[in-house]
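The values are calculated or read from the model by the stated rules, or taken from the named source; none is laboratory data. The shown structure was predicted, so the numbers you read here are calculated from the model rather than taken from an experiment. Here the Cβ positions follow ideal geometry from the backbone for every residue, glycine too, while neighbour counts run over all protein chains shown. Ligands, DNA and RNA are stripped out before the accessible areas are found, and what is left, the full protein with its side chains, is counted by its heavy atoms. Shrake-Rupley method; radii C 1.70, N 1.55, O 1.52, S 1.80 Å.
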Amino acid sequence: MMMAQKKRMTEQKRMLLAFQRAILDLEKSFAPDPFKYCDYEYQLDETLKDICHHLKEGEYRPKRVEKFDLPKGEFAIRPGVIVDILDLTCIHRLLIDFIFRLDKKLPAGVTAYRLKRDPKLQFKVDLEPTYFILPKYQREKLKIEESWYNLWPEYRKQLLSDIQSGEFGYVAVTDITAFFEDINHVILGEILKKKTNSFINNINILMEIYGNWALRDPANIRQRRGMPQGSIISGVLSNYYLDIVDTFLEKKRKEGFIKWYRYCDDIHILCKSKQEAISILLAIGSLLRQLGLNQNAEKTKPLTKEEAIAEIQNQIADNITSIIEDSQKGEISRAVLIERLRNEYKKISRRIASDNKIEGALMRTYTAAKILETPLLTNRVGKDFLKFPMRSKSICYYGRQFIIDLRITNGM
């Protein structure tokens, strides 16, 4: 009797931790709850007990999502969804049983959405007795995934280092069109079952939830494809959808022909000849079609190493990142750092506004300006909010520090 009680309480704790991760996941999505899920404070314990029971008995039924139009650039839109937090809680709970062992099987070339090295870190949190929903700083400790802020710079750094080594003369570059929208749930479920060789029930429920979230055609029939963008857990699962591509590239690497890196759907393959780069790109295209995916024609091309370095390098953004790092060390005065930031910003303002690299550097400038608490960018908050809708959250986060500054109002 005591053993059964202990097991039930352990499952309850795991579900509560999954709920905290779900909140953190949705807070960083494109449509966070403005009330911060405070309505779930009431009878949360009973709600999570019910979910545990329904999952155990195979009675859990996911909710339908709310649809909305999500900005894509300045003049385009794409489909977006608002998912139910309890559905996302179930996903986090079901994944935790096997996702760490799967992450260990991913090749080193897969760099996005990787998990932290020590899975026990997720449980080292003291639950505050007064609140069911933890403060954000404590929820951050529950994250199982590495921050993109660490993974993306490391990806670029390692890629550039290997290109500059001189061992490879060409880089095959490719990108996948509408990657998250076209992930097939049936294929993904089979891949996960094959790789885990167990947890079949967990995976079936996961795919049922994602299937219920899928957009429907005019006849109201579910499409059985698509994963919500903006959710960290969608990125974690998407890594396994490209398993046949990763396996192909890893085999080539072990044969000594190439080196490769994949950050989500952005793939770089270092090759010794142009013909080999072309051959690799064609082979990847064939593998992607087996998954119902297509390469982005404009972004798929073989590059010389010089062209690749010029495309990947973003010196202004790197300089601003250095300013942020120096500010965290506290060894250089704030005035000196602000002057360095001002000089980098002058370089941005002279460049073409449509340059993707400049957009990235500008967003890094917003981050640095917020950390240094300088109103350097207040005169452009309004126009940047309209021009970069996907970045509006970060821009507003900076602008609210200087809300009494009339230049912000005038910019709007």
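The set of residues in the range 390-401 being modelled with pLDDT of 80 or more and out of contact with any Asp or Glu (no Cβ under 9 Å at 6 or more places or on another chain) consists of 394, 396, 397, 398, 400. Consider residue 148 carefully, then state whether it is open to solvent by less than 30 Å² (accessible area, probe 1.4 Å) and modelled with pLDDT under 90. No; evaluated as a whole, the condition is false for this residue.
The rows are residues; the columns are (1) open to solvent by less than 60 Å² (accessible area, probe 1.4 Å); (2) at pLDDT 85 or above; (3) out of contact with any Pro (no Cβ under 7 Å at 6 or more places or on another chain).
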| site | (1), (2), (3) |
| --- | --- |
| 207 | yes, yes, yes |
| 213 | yes, yes, no |
| 225 | no, yes, yes |
| 238 | yes, yes, yes |
| 245 | yes, yes, yes |
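Considering the range 338-366, the residues that are at pLDDT below 90 and hydroxyl-bearing (Ser, Thr, Tyr) include one that is nearest to residue 398 (Cα to Cα), namely 349. Number of residues in the range 246-273 that are in a strand (DSSP E or B) and in contact with a helix residue (DSSP H, G or I) (Cβ under 8 Å, 6 or more places away or on another chain): the value is 10. Residue by residue through the range 248-267, note down the ones that are open to solvent by less than 70 Å² (accessible area, probe 1.4 Å), in contact (Cβ under 8 Å) with a residue 24 or more places away in the chain and out of contact with any Gly (no Cβ under 6 Å at 6 or more places or on another chain). 248, 249, 250, 252, 258, 263, 264, 265, 266, 267, listed by residue number. Among the residues of the range 52-107, just one is among the basic types (Lys, Arg) and surrounded by 18 or more Cβ atoms within 10 Å (Cβ to Cβ), namely 93. Of the residues contained in the range 83-103, none is found to be farther than 22 Å from residue 198 by Cα and in a strand (DSSP E or B).
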